[in-house]
1. Take the stretch 232-262 and flag every residue that is under 18 Å from Cys132 (Cβ atoms) and among the aliphatic types (A, V, I, L, M).
2. Might you check whether a residue that is within 30 Å of Ala251 (Cα to Cα) and out of contact with any Gly (no Cβ under 6 Å at 6 or more places or on another chain) occurs anywhere in the stretch 107-124?
3. Using the structure shown, decide if Thr213 is touching a helix residue (DSSP H, G or I) at 6+ places or on another chain (Cβ under 9 Å), closer than 18 Å to Leu266 by Cβ, modelled with pLDDT of 95 or more and among the polar types (S, T, N, Q).
4. Looking at (1) open to solvent by 10 Å² or more (accessible area, probe 1.4 Å); (2) assigned to a helix (DSSP H, G or I), can you tell me which one Pro135 breaks?
5. Look at Val15 and say whether it is in contact with a Leu (Cβ under 6 Å, 6 or more places away or on another chain), in a loop (DSSP other than H, G, I, E, B) and either within 27 Å of Ile294 (Cβ to Cβ) or modelled with pLDDT of 95 or more (or both).
6. Pick out the one residue from Ser55, Ser99 that is hydroxyl-bearing (Ser, Thr, Tyr), outside any strand (DSSP E or B) and free of Cβ contacts under 8 Å to residues at least 24 places away in the same chain.
Amino acid sequence: MNYLKIFSPATVANVSCGFDALGLALETVGDTMTFTKTATNGVRITQITGADLPSDPQVNAAGVVALAMLEKHPADFGIDITIHKGYTPGSGLGSSAASAAGAAFGVNQLLGNSFSPLELTQFAMLGEEATCGTPIADNVSAAIYGGFTLVRSYEPLSIVKIPVPADLRVVAIHPQVEVKTKDAREVLPKEITLKDAVTQWANVGGLISGLHTNDYQLIADSLTDIIVEPARKHLIPHFDEVKQQAIKAGALGAGISGSGPTIFTLCRGDETAENVYKTIQNTYQDKQIDFNMILSKINTEGIKILEQH
(Lines give C-alpha, C1' and ligand atoms only; values in the text may rest on other atoms or scores of the structure.)
Protein backbone atom coordinates (compact mmCIF):
# COMPACT_ATOMS: atom_id res chain seq x y z
CA MET A 1 0.00 0.00 0.00
CA ASN A 2 1.35 3.42 -1.02
CA TYR A 3 -1.64 5.68 -0.36
CA LEU A 4 -4.38 5.75 2.26
CA LYS A 5 -7.32 8.07 2.92
CA ILE A 6 -9.18 7.78 6.24
CA PHE A 7 -11.96 9.29 8.33
CA SER A 8 -10.99 9.84 11.99
CA PRO A 9 -14.03 10.56 14.18
CA ALA A 10 -14.75 13.33 16.62
CA THR A 11 -15.28 12.02 20.13
CA VAL A 12 -17.15 12.84 23.33
CA ALA A 13 -14.94 12.34 26.39
CA ASN A 14 -15.88 11.94 30.06
CA VAL A 15 -19.54 11.13 29.18
CA SER A 16 -20.60 12.95 32.37
CA CYS A 17 -19.47 10.62 35.15
CA GLY A 18 -16.26 9.17 33.66
CA PHE A 19 -13.70 12.00 33.79
CA ASP A 20 -10.55 11.04 31.81
CA ALA A 21 -11.82 7.44 31.73
CA LEU A 22 -14.80 7.25 29.33
CA GLY A 23 -15.17 8.23 25.69
CA LEU A 24 -17.38 7.58 22.67
CA ALA A 25 -16.89 8.05 18.93
CA LEU A 26 -19.24 9.98 16.61
CA GLU A 27 -20.26 8.96 13.11
CA THR A 28 -21.08 12.25 11.40
CA VAL A 29 -18.21 14.52 12.47
CA GLY A 30 -14.45 14.05 12.13
CA ASP A 31 -11.24 14.65 10.18
CA THR A 32 -10.25 13.35 6.75
CA MET A 33 -6.55 12.50 6.45
CA THR A 34 -4.32 11.09 3.72
CA PHE A 35 -0.99 9.25 4.02
CA THR A 36 1.36 8.84 1.05
CA LYS A 37 4.61 6.89 0.98
CA THR A 38 7.54 8.92 -0.35
CA ALA A 39 11.08 8.06 -1.44
CA THR A 40 12.49 10.67 0.96
CA ASN A 41 12.62 9.56 4.60
CA GLY A 42 10.86 11.52 7.33
CA VAL A 43 7.39 12.90 7.99
CA ARG A 44 5.93 15.93 6.22
CA ILE A 45 2.55 17.54 6.75
CA THR A 46 1.95 18.91 3.28
CA GLN A 47 -1.52 20.42 3.71
CA ILE A 48 -3.92 21.39 6.50
CA THR A 49 -7.39 22.70 5.66
CA GLY A 50 -10.34 23.61 7.86
CA ALA A 51 -8.25 25.03 10.71
CA ASP A 52 -5.13 27.09 11.34
CA LEU A 53 -2.71 24.53 12.80
CA PRO A 54 1.09 24.16 12.71
CA SER A 55 2.44 22.04 9.86
CA ASP A 56 5.73 21.39 11.68
CA PRO A 57 5.59 17.64 12.48
CA GLN A 58 7.52 18.23 15.72
CA VAL A 59 4.57 20.16 17.21
CA ASN A 60 1.52 19.01 15.21
CA ALA A 61 -0.39 16.19 16.97
CA ALA A 62 -0.38 13.97 13.87
CA GLY A 63 3.29 14.69 13.14
CA VAL A 64 4.42 13.91 16.69
CA VAL A 65 2.67 10.53 16.51
CA ALA A 66 4.03 9.64 13.05
CA LEU A 67 7.60 10.54 14.05
CA ALA A 68 7.38 8.42 17.21
CA MET A 69 6.08 5.44 15.24
CA LEU A 70 8.82 5.63 12.61
CA GLU A 71 11.42 5.90 15.37
CA LYS A 72 10.06 2.69 16.92
CA HIS A 73 9.61 0.94 13.56
CA PRO A 74 12.13 2.40 11.05
CA ALA A 75 10.99 2.27 7.42
CA ASP A 76 12.75 2.67 4.08
CA PHE A 77 10.25 5.34 3.06
CA GLY A 78 8.90 8.68 4.26
CA ILE A 79 5.28 9.74 4.78
CA ASP A 80 3.43 12.81 3.52
CA ILE A 81 0.29 13.61 5.53
CA THR A 82 -2.65 15.89 4.70
CA ILE A 83 -5.29 16.83 7.27
CA HIS A 84 -8.74 18.25 6.62
CA LYS A 85 -10.30 19.33 9.92
CA GLY A 86 -14.00 18.62 9.76
CA TYR A 87 -14.73 20.64 12.90
CA THR A 88 -13.22 23.40 15.02
CA PRO A 89 -10.29 22.78 17.36
CA GLY A 90 -11.11 23.69 20.97
CA SER A 91 -14.67 22.41 20.63
CA GLY A 92 -14.48 19.73 23.32
CA LEU A 93 -14.92 17.05 20.65
CA GLY A 94 -11.39 15.68 20.62
CA SER A 95 -9.93 17.69 17.73
CA SER A 96 -6.28 16.95 18.52
CA ALA A 97 -7.30 13.36 19.31
CA ALA A 98 -8.82 12.87 15.85
CA SER A 99 -5.52 13.97 14.26
CA ALA A 100 -3.37 11.95 16.68
CA ALA A 101 -5.46 8.78 16.47
CA GLY A 102 -5.82 9.16 12.70
CA ALA A 103 -2.03 9.45 12.34
CA ALA A 104 -1.46 6.35 14.50
CA PHE A 105 -3.94 4.35 12.42
CA GLY A 106 -2.71 5.62 9.03
CA VAL A 107 1.00 5.17 9.68
CA ASN A 108 0.31 1.70 11.08
CA GLN A 109 -1.41 0.72 7.83
CA LEU A 110 1.63 1.82 5.80
CA LEU A 111 3.87 -0.13 8.19
CA GLY A 112 1.87 -3.31 7.51
CA ASN A 113 -0.20 -3.26 10.72
CA SER A 114 2.80 -3.74 12.98
CA PHE A 115 1.13 -2.28 16.10
CA SER A 116 -1.91 -3.36 18.13
CA PRO A 117 -4.85 -1.00 18.91
CA LEU A 118 -3.47 -0.61 22.46
CA GLU A 119 -0.05 0.40 21.08
CA LEU A 120 -1.74 2.80 18.65
CA THR A 121 -3.53 4.39 21.61
CA GLN A 122 -0.18 4.84 23.39
CA PHE A 123 1.30 6.54 20.33
CA ALA A 124 -1.79 8.76 19.94
CA MET A 125 -1.46 9.84 23.58
CA LEU A 126 1.90 11.42 22.65
CA GLY A 127 0.01 13.71 20.25
CA GLU A 128 -2.41 14.64 23.03
CA GLU A 129 0.47 15.43 25.36
CA ALA A 130 2.19 17.59 22.74
CA THR A 131 -0.92 19.69 22.07
CA CYS A 132 -2.86 19.65 25.38
CA GLY A 133 -0.08 19.06 27.89
CA THR A 134 -1.61 15.84 29.24
CA PRO A 135 -1.28 12.32 27.74
CA ILE A 136 -4.98 11.48 28.13
CA ALA A 137 -6.46 8.41 26.42
CA ASP A 138 -10.25 8.85 26.59
CA ASN A 139 -10.68 10.60 23.21
CA VAL A 140 -7.97 8.74 21.27
CA SER A 141 -9.05 5.30 22.50
CA ALA A 142 -12.66 5.99 21.44
CA ALA A 143 -11.46 7.07 17.96
CA ILE A 144 -9.24 3.98 17.56
CA TYR A 145 -11.49 1.31 19.07
CA GLY A 146 -14.87 2.85 18.16
CA GLY A 147 -18.03 2.82 20.24
CA PHE A 148 -17.69 3.47 23.97
CA THR A 149 -14.31 2.91 25.59
CA LEU A 150 -13.25 2.74 29.22
CA VAL A 151 -9.67 3.60 30.14
CA ARG A 152 -9.55 1.05 32.95
CA SER A 153 -5.95 1.86 33.82
CA TYR A 154 -3.27 4.31 32.71
CA GLU A 155 -0.32 2.46 34.26
CA PRO A 156 -0.19 0.04 32.61
CA LEU A 157 -2.55 1.28 29.90
CA SER A 158 -5.68 -0.87 29.69
CA ILE A 159 -8.61 -0.09 27.36
CA VAL A 160 -12.00 -1.85 27.50
CA LYS A 161 -14.48 -1.54 24.61
CA ILE A 162 -18.08 -1.27 25.85
CA PRO A 163 -21.15 -2.41 23.82
CA VAL A 164 -23.43 0.27 22.34
CA PRO A 165 -27.24 -0.11 22.47
CA ALA A 166 -28.53 0.11 18.88
CA ASP A 167 -30.97 2.99 19.47
CA LEU A 168 -28.53 5.29 21.27
CA ARG A 169 -28.03 8.66 19.57
CA VAL A 170 -25.91 11.72 20.35
CA VAL A 171 -27.23 15.25 19.98
CA ALA A 172 -24.78 18.05 20.71
CA ILE A 173 -24.49 21.81 20.45
CA HIS A 174 -21.15 23.55 19.96
CA PRO A 175 -21.45 27.22 20.96
CA GLN A 176 -18.77 29.26 19.16
CA VAL A 177 -16.94 30.31 22.31
CA GLU A 178 -13.43 29.21 23.27
CA VAL A 179 -12.72 27.03 26.27
CA LYS A 180 -9.05 26.05 26.52
CA THR A 181 -8.41 22.57 27.93
CA LYS A 182 -5.73 24.04 30.19
CA ASP A 183 -8.17 26.60 31.64
CA ALA A 184 -10.88 23.96 32.05
CA ARG A 185 -8.45 21.78 34.01
CA GLU A 186 -7.38 24.63 36.27
CA VAL A 187 -10.92 25.13 37.66
CA LEU A 188 -11.23 21.49 38.78
CA PRO A 189 -11.27 20.71 42.50
CA LYS A 190 -7.96 19.35 43.84
CA GLU A 191 -9.74 17.23 46.47
CA ILE A 192 -13.21 15.67 46.69
CA THR A 193 -15.12 14.13 49.56
CA LEU A 194 -15.38 10.38 49.94
CA LYS A 195 -19.16 10.68 49.63
CA ASP A 196 -18.85 12.40 46.23
CA ALA A 197 -16.27 9.85 45.06
CA VAL A 198 -18.60 6.97 45.96
CA THR A 199 -21.50 8.62 44.10
CA GLN A 200 -19.38 9.24 41.02
CA TRP A 201 -17.86 5.78 40.67
CA ALA A 202 -21.28 4.22 41.31
CA ASN A 203 -22.56 6.22 38.33
CA VAL A 204 -19.69 4.98 36.14
CA GLY A 205 -20.56 1.40 37.11
CA GLY A 206 -24.24 2.07 36.43
CA LEU A 207 -23.57 3.60 33.01
CA ILE A 208 -21.38 0.69 31.91
CA SER A 209 -23.93 -1.83 33.20
CA GLY A 210 -26.72 0.03 31.37
CA LEU A 211 -24.74 -0.02 28.10
CA HIS A 212 -24.09 -3.77 28.46
CA THR A 213 -27.75 -4.60 29.20
CA ASN A 214 -29.51 -2.03 26.92
CA ASP A 215 -31.10 -0.57 30.07
CA TYR A 216 -31.89 2.97 28.95
CA GLN A 217 -33.35 3.96 32.33
CA LEU A 218 -30.14 2.89 34.05
CA ILE A 219 -28.13 4.85 31.48
CA ALA A 220 -30.29 7.93 32.18
CA ASP A 221 -29.96 7.54 35.95
CA SER A 222 -26.17 7.21 35.69
CA LEU A 223 -25.44 10.20 33.41
CA THR A 224 -24.70 12.43 36.40
CA ASP A 225 -21.48 14.28 37.15
CA ILE A 226 -21.29 15.85 40.61
CA ILE A 227 -17.55 16.63 40.49
CA VAL A 228 -16.37 18.12 37.18
CA GLU A 229 -19.55 19.59 35.68
CA PRO A 230 -20.34 21.91 38.64
CA ALA A 231 -16.78 23.31 38.45
CA ARG A 232 -16.79 23.85 34.68
CA LYS A 233 -20.33 24.72 33.66
CA HIS A 234 -19.87 28.47 34.25
CA LEU A 235 -17.38 28.44 31.32
CA ILE A 236 -20.24 27.49 28.95
CA PRO A 237 -22.96 30.08 28.30
CA HIS A 238 -26.52 28.90 29.13
CA PHE A 239 -25.38 25.38 30.07
CA ASP A 240 -28.05 24.79 32.72
CA GLU A 241 -30.86 25.95 30.43
CA VAL A 242 -29.72 23.72 27.55
CA LYS A 243 -29.40 20.69 29.85
CA GLN A 244 -32.78 21.28 31.47
CA GLN A 245 -34.59 21.76 28.15
CA ALA A 246 -32.88 18.73 26.55
CA ILE A 247 -33.94 16.41 29.38
CA LYS A 248 -37.45 17.89 29.29
CA ALA A 249 -37.54 17.07 25.55
CA GLY A 250 -36.70 13.42 26.25
CA ALA A 251 -32.87 13.19 26.42
CA LEU A 252 -31.56 10.48 28.73
CA GLY A 253 -29.02 12.96 30.05
CA ALA A 254 -26.80 15.88 29.11
CA GLY A 255 -23.32 17.03 30.03
CA ILE A 256 -20.11 18.74 28.96
CA SER A 257 -18.24 17.05 26.12
CA GLY A 258 -14.59 16.88 27.12
CA SER A 259 -13.57 20.25 28.51
CA GLY A 260 -16.32 22.05 26.57
CA PRO A 261 -17.84 24.21 25.27
CA THR A 262 -19.80 21.50 23.43
CA ILE A 263 -22.79 20.21 25.37
CA PHE A 264 -23.73 16.62 24.51
CA THR A 265 -26.90 14.63 25.13
CA LEU A 266 -27.64 10.93 24.80
CA CYS A 267 -31.07 10.02 23.42
CA ARG A 268 -33.02 6.86 22.70
CA GLY A 269 -34.16 6.58 19.08
CA ASP A 270 -34.26 8.92 16.10
CA GLU A 271 -37.58 10.58 16.95
CA THR A 272 -36.45 11.64 20.43
CA ALA A 273 -33.05 12.72 19.09
CA GLU A 274 -34.70 14.95 16.48
CA ASN A 275 -36.99 16.45 19.12
CA VAL A 276 -34.02 17.15 21.43
CA TYR A 277 -32.07 18.62 18.48
CA LYS A 278 -34.90 21.10 17.69
CA THR A 279 -35.39 21.97 21.36
CA ILE A 280 -31.70 22.77 21.94
CA GLN A 281 -31.58 24.72 18.67
CA ASN A 282 -34.58 26.79 19.74
CA THR A 283 -33.12 27.33 23.20
CA TYR A 284 -29.92 28.85 21.73
CA GLN A 285 -31.51 30.70 18.82
CA ASP A 286 -31.89 34.03 20.66
CA LYS A 287 -28.61 34.01 22.65
CA GLN A 288 -26.56 36.10 20.18
CA ILE A 289 -23.93 33.33 20.10
CA ASP A 290 -23.14 31.40 16.91
CA PHE A 291 -23.41 27.62 17.29
CA ASN A 292 -23.27 24.33 15.39
CA MET A 293 -25.57 21.37 15.99
CA ILE A 294 -24.70 17.68 15.71
CA LEU A 295 -26.95 14.62 15.49
CA SER A 296 -25.09 11.34 15.21
CA LYS A 297 -25.25 7.64 15.76
CA ILE A 298 -22.39 6.27 17.83
CA ASN A 299 -19.57 5.13 15.57
CA THR A 300 -18.90 1.54 16.66
CA GLU A 301 -16.12 1.00 14.10
CA GLY A 302 -13.80 3.91 14.91
CA ILE A 303 -11.40 5.16 12.22
CA LYS A 304 -12.53 4.14 8.73
CA ILE A 305 -10.54 3.59 5.52
CA LEU A 306 -12.08 5.62 2.68
CA GLU A 307 -9.57 4.81 -0.08
CA GLN A 308 -6.32 2.88 -0.48
CA HIS A 309 -3.97 1.76 -3.24
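1. So the first thing to find is which residues in the stretch 232-262 are under 18 Å from Cys132 (Cβ atoms), and the list is 232, 235, 256-262.
Of everything in the stretch 232-262, those that are under 18 Å from Cys132 (Cβ atoms) and among the aliphatic types (A, V, I, L, M) turn out to be Leu235, Ile256.
2. So far as the stretch 107-124 goes, no, none of its residues is within 30 Å of Ala251 (Cα to Cα) and out of contact with any Gly (no Cβ under 6 Å at 6 or more places or on another chain).
3. Values: touching a helix residue (DSSP H, G or I) at 6+ places or on another chain (Cβ under 9 Å): no; closer than 18 Å to Leu266 by Cβ: yes; modelled with pLDDT of 95 or more: yes; among the polar types (S, T, N, Q): yes.
Judged against the criteria, Thr213 is not a match.
4. So the condition that Pro135 fails would be (2).
5. yes
6. Numbers: Ser99 fails: free of Cβ contacts under 8 Å to residues at least 24 places away in the same chain.
Answer to the check: Ser55.
A quick yes/no check of all residues on (1) in contact with a His (Cβ under 7 Å, 6 or more places away or on another chain); (2) open to solvent by 10 Å² or more (accessible area, probe 1.4 Å):
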{"position": "Tyr3", "(1), (2)": "yes, yes"}
{"position": "Ala10", "(1), (2)": "no, no"}
{"position": "Leu22", "(1), (2)": "no, no"}
{"position": "Val29", "(1), (2)": "no, yes"}
{"position": "Gly42", "(1), (2)": "no, yes"}
{"position": "Thr49", "(1), (2)": "yes, yes"}
{"position": "Lys72", "(1), (2)": "no, yes"}
{"position": "Pro89", "(1), (2)": "no, yes"}
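A quick yes/no check of all residues on (1) under 17 Å from Ile45 (Cα atoms); (2) of a type in the set (A, V, I, L, M, F, W, C):
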| site | (1), (2) |
| --- | --- |
| Ser99 | yes, no |
| Ala104 | yes, yes |
| Gln109 | no, no |
| Ser116 | no, no |
| Phe123 | no, yes |
| Glu129 | no, no |
| Cys132 | no, yes |
| Pro135 | no, no |
| Ile144 | no, yes |
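The values are calculated or read from the model by the stated rules, or taken from the named source; none is laboratory data. For clarity, every value in this text was computed on a predicted model and none was experimentally measured. Please note: Cβ atoms are built from the backbone with ideal geometry, for glycine as well, and neighbour counts cover all protein chains shown. When the accessible area is computed, the model is the full protein with side chains, heavy atoms only, and any ligands, DNA or RNA have been set aside. Shrake-Rupley method; radii C 1.70, N 1.55, O 1.52, S 1.80 Å.
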